[in-house]
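Inspection log for the structure reproduced underneath, given as C-alpha cells.
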Amino acid sequence: MRVIRIVEGTSVDGPGLRTAIYFAGCDHHCPGCHNPSTWDANAGEEISIDEITAFVEESGLNVTLTGGDPLYNPTAVLALVKELKQRGFNIWCYTGYTFEQVLSRDELRAVANYIDVLVDGPFILEQRDIKLRFRGSANQRLIDVPRSIAAGAVILFDDGND
C-alpha cells in the first residue's frame, strides 16, 4: 500500500497519543483540505503490512488511519486492520465517505467491521469549525462503529470531552 508518512505520538487524530498512518490517494478533493499532498495515489512509498505492523507494535500506540482516504484502497486496508485488531489496537479511520456510504459498499463495510471510530464525511470549508475535536467541519461525525452496527443506527463516539 502507498503511505505518505507515519507519525508516532500524534494527539490530534483521536484520544491519547496515537500512531497516524497517512495513506496516499483521495478523489474527494475537498476545498480547504489540510492534506492536499495526499490526494495523489502514486505519492509516498510502498510499505508492506508487515512493516506498518512492526512500526505500530514498536510504538505501542493505538492507530489512526488517515490520508488521503484510507478507504480508497479497501483490500489492503482490510488486511492491515485485521492484523492490527488481532494485536489489540484501537483503530480510528478518517474518510470522506459518509458512514451510510461505507455500509452500502461490501468492501468498505468489511473494513468498518474492524474500526472503532469512523470520522466520516468530506471536509466542508463553509462548515469549518476549529473548536471541534478531532474533525475539521461540522458535518463530520465521530461514529462509534461497533455500537452503530449493532444498533442499526448511528451512535456517536463520546469520550466526555465534547
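The values are calculated or read from the model by the stated rules, or taken from the named source; none is laboratory data. In this text the structure is predicted, and so the values were computed from the model without any measurement. Here the Cβ is made from the backbone with ideal geometry for all residues, glycine too, and neighbour counts use every protein chain on show. Surface accessibility is based on the protein's heavy atoms, side chains included, excluding ligands, DNA and RNA. Shrake-Rupley method; radii C 1.70, N 1.55, O 1.52, S 1.80 Å.
Taking the stated definitions as given, is Asp50 surrounded by fewer than 20 Cβ atoms within 10 Å (Cβ to Cβ), free of Cβ contacts under 8 Å to residues at least 40 places away in the same chain and outside any helix (DSSP H, G or I)? Reasoning before the result, please.
Working: surrounded by fewer than 20 Cβ atoms within 10 Å (Cβ to Cβ): yes; free of Cβ contacts under 8 Å to residues at least 40 places away in the same chain: yes; outside any helix (DSSP H, G or I): no.
Considered against the rule, which asks whether it is surrounded by fewer than 20 Cβ atoms within 10 Å (Cβ to Cβ), free of Cβ contacts under 8 Å to residues at least 40 places away in the same chain and outside any helix (DSSP H, G or I), Asp50 comes out as no.
Kindly evaluate Gly96 against the criterion of being of a type outside the set (D, E, K, R) and under 12 Å from the mean Cα position of the chain (by Cα).
Against the criterion (of a type outside the set (D, E, K, R) and under 12 Å from the mean Cα position of the chain (by Cα)), Gly96 qualifies.
Between a first residue in region 22-44 that is within 17 Å of Ile130 (Cα to Cα) and part of a loop (DSSP other than H, G, I, E, B) and a second residue that is open to solvent by 50 Å² or more (accessible area, probe 1.4 Å) and of a type in the set (Lys, Arg), which pairs have beta carbons less than 9 Å apart while being 6 or more apart in sequence or on different chains?
Short answer, once both residue conditions are applied: Gly32/Arg128.
Go through region 53-71 residue by residue and tally those that are under 16 Å from Arg18 (Cα atoms), at pLDDT 95 or above and either among the hydrophobic types (A, V, I, L, M, F, W, C) or not in a loop (DSSP other than H, G, I, E, B) (or both).
Residues that pass the stated criteria total 13.
Answer yes if at least one residue in region 2-19 is among the acidic types (Asp, Glu), over 20 Å from Gln101 (Cα atoms) and outside any helix (DSSP H, G or I), and no otherwise.
Within region 2-19, one or more residues are among the acidic types (Asp, Glu), over 20 Å from Gln101 (Cα atoms) and outside any helix (DSSP H, G or I).
Name every residue in region 55-71 that is open to solvent by less than 10 Å² (accessible area, probe 1.4 Å) and without any contact (Cβ under 8 Å) to a residue 40 or more places away in the chain, in order of residue number.
Val56
Taking the condition farther than 25 Å from Cys33 by Cα and of a type in the set (D, E, K, R), does Arg105 pass?
no
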